[in-house]
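S.K.: My questions all concern the structure below.
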Amino acid sequence: MTIKTGVRAFYIGENQQAPDAIITFTEENENTIVANGTYVDPSLRGQQVARKLLDRLVEHARENQLKIRPTCSYVVKMFERDKTFADVALLD
């Protein structure tokens, strides 16, 4: 399962317009991105695909010294639950 880099997204599938799974973000400012959506096709559920996409987004944030403000319910829940994300998480 290959995670590809898209336009303000990381995804799995043939293309970003019709992904099998995707995590999307916007740029809030030069230091912060907003994780605003996660989707996993039902055929991939139960395989930790959303977590793999989130891990890739967090890797991107760390590589670029960015913080992540989550508005996506999945990312909010994971940031609250898993303290390994504390260095990039901006929770309100």
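S.K.: Taking the range 74-89 only, how many residues are surrounded by fewer than 16 Cβ atoms within 10 Å (Cβ to Cβ) and within 18 Å of residue 28 (Cα to Cα)?
M.R.: Final tally of qualifying residues: 1.
S.K.: Step by step: first the residues of the range 14-54, then only those that are free of Cβ contacts under 8 Å to residues at least 24 places away in the same chain and of a type in the set (Gly, Ala, Ser), then the one that is farthest from residue 78 (Cα to Cα). Which residue is that?
M.R.: 18
S.K.: Give me the pairs: first residue in the range 73-92 and without any contact (Cβ under 8 Å) to a residue 24 or more places away in the chain, second residue in a loop (DSSP other than H, G, I, E, B), beta-carbon distance under 7 Å, and six or more apart or on different chains, which are they?
M.R.: 79/91; 80/91
S.K.: Also: Report the residue count in the range 22-46 for those that are part of a strand (DSSP E or B), surrounded by 11 or more Cβ atoms within 10 Å (Cβ to Cβ) and out of contact with any Ser or Thr (no Cβ under 8 Å at 6 or more places or on another chain).
M.R.: Count: 7.
S.K.: I'd like to verify a number: residues in the range 1-45 that are basic (Lys, Arg) and either touching a Cys at 6+ places or on another chain (Cβ under 6 Å) or at pLDDT below 95 (or both), how many?
M.R.: So the answer is 1.
The values are calculated or read from the model by the stated rules, or taken from the named source; none is laboratory data. All values reported here derive from a predicted model rather than from experimental measurement. Cβ coordinates were reconstructed from backbone atoms using ideal geometry, including for glycine residues, and neighbour counts include every protein chain displayed.
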